[in-house]
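Below is one structure; the comments refer to it alone.
Quick note: the coordinates plus some simple rules give every number you see, no bench work behind them. Bear in mind the structure is a predicted one, so any value in this text is a computation, not a measurement. Here the Cβ is made from the backbone with ideal geometry for all residues, glycine too, and neighbour counts use every protein chain on show.
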Amino acid sequence: MNKKKILVLLATLVVSTVLAACGNSDGGNSTESKNSNDGRSQVSEQGELKSIPEFSAKDIDGNKVDNSVFKENKVTLVNVWATWCGPCVNELPEIQKAYSELKAKGVGVVGIVSDGNDAKDTAKELIKENNLTYKMIIPDNNLDKNLISTLKGFPTSYVVDSEGKILGMKVGGMNAEGFKEFIEQYIK
């Protein structure tokens, strides 16, 4: 009897952990963090990233993309997602909607496909299905090691300035309004 209880408890714990790892799909109740960054280090005293790590990756079509992509806009939403994550996939059209409404204000969007080259074809299908027009990149080893491996869940979104300094972070899915509110607080 005790073995049965332990197995049920263990199964419940595993299922809860898996479900929590994919994030929160509620548009208004994501976890948010603001960062005050002096630019000296990429990691704060609390272990949070202060800026997006240096990278030299390729976009979904094989074109080179690096940190200079942030210089193109006042602020950039960096959305780290996975093709296997339901809330991540559900928010793709929401990001596009927010981007379409905010790009005239100097807002850019960069999506990072966290499952990398293994999911490139699936990511391309999702991009096409959702008519996504923002940059989508496959992470290099540095992004994988210094950004993706530090995440607390998927999806994770950052707002960064033109230098790649992290201004804010949210973990969990959002709707278009949630993205707009999150981004607009950092537009000067």
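Given the pairs K50/K170; K64/K152; K50/K145, which span a C-alpha to C-alpha distance of over 21 angstrom in this model? Write down the numbers at each step before the final one.
On the way: K50/K170 14 Å; K64/K152 28 Å; K50/K145 15 Å.
The answer is K64/K152.
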Hz values of 3J(HN,Hα) by residue in segment 72-77 - Karplus curve (6.51, -1.76, 1.60), Gly and Pro given as x: 6, 9, 5, 9, 10, 7
Starting from the amide H of K50, placed 1.01 Å from N in the peptide plane, find each other amide H under 5 Å away whose residue is 5 or more places distant or on another chain. V43, S44
Give me a comma-separated list of calculated 3J(HN,Hα) values for segment 164-175, in order, Karplus coefficients 6.51, -1.76, 1.60 applied at θ = phi - 60°, integers in Hz, x for any Gly or Pro. x, 6, 6, 9, x, 9, 9, 10, x, x, 9, 9
Once phi is turned into ³J(HN,Hα) by the Karplus curve 6.51 cos²θ - 1.76 cosθ + 1.60 with θ = phi - 60°, what whole-Hz value does each residue of segment 133-143 show in order, with x for glycine and proline? 10, 8, 5, 10, 10, 9, x, 7, 4, 5, 5
K180: which aspartates and glutamates have alpha carbons under 17 Å from its alpha carbon, excluding same-chain residues fewer than 8 sequence positions away? D26, E32, E91, E94, E101, D161
Non-local amide H neighbours of G168 (under 5 Å, H modeled in plane, Pro and chain starts lacking H): which ones? N35, V159
Quick one: putting +1 on the C-beta of Lys and Arg, -1 on the C-beta of Asp and Glu, what dipole do you get for segment 64-188 around its Cα centre, in Debye to the nearest 20? 340 debye
Choose one of N73, I127, G86: the residue whose Cα lies farthest towards the positive end of the charge dipole of segment 56-185 (beta-carbon charges +1 Lys, Arg; -1 Asp, Glu; about the Cα centre). N73
Hey, what D do you get for segment 57-178 in µm²/s if you plug the Kirkwood alpha-carbon radius into Stokes-Einstein at 37 °C and 0.692 mPa s? 231 µm²/s
Nonlocal amide H pairs with V110, under 5 Å, H built at 1.01 Å: L77, V78, N79
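In segment 99-188, what GluC sites (Glu not before Pro) fall in a loop by DSSP, with at most 12 other Cβ atoms inside 10 Å? Can you show the working numbers first?
Details: sites: E101, E125, E129, E163, E177, E181, E184; in loops: E163.
Passing sites in segment 99-188 are E163.
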Using Cα centres only, tell me the gap between segment 122-178 and segment 74-111 in whole Å. 7 Å
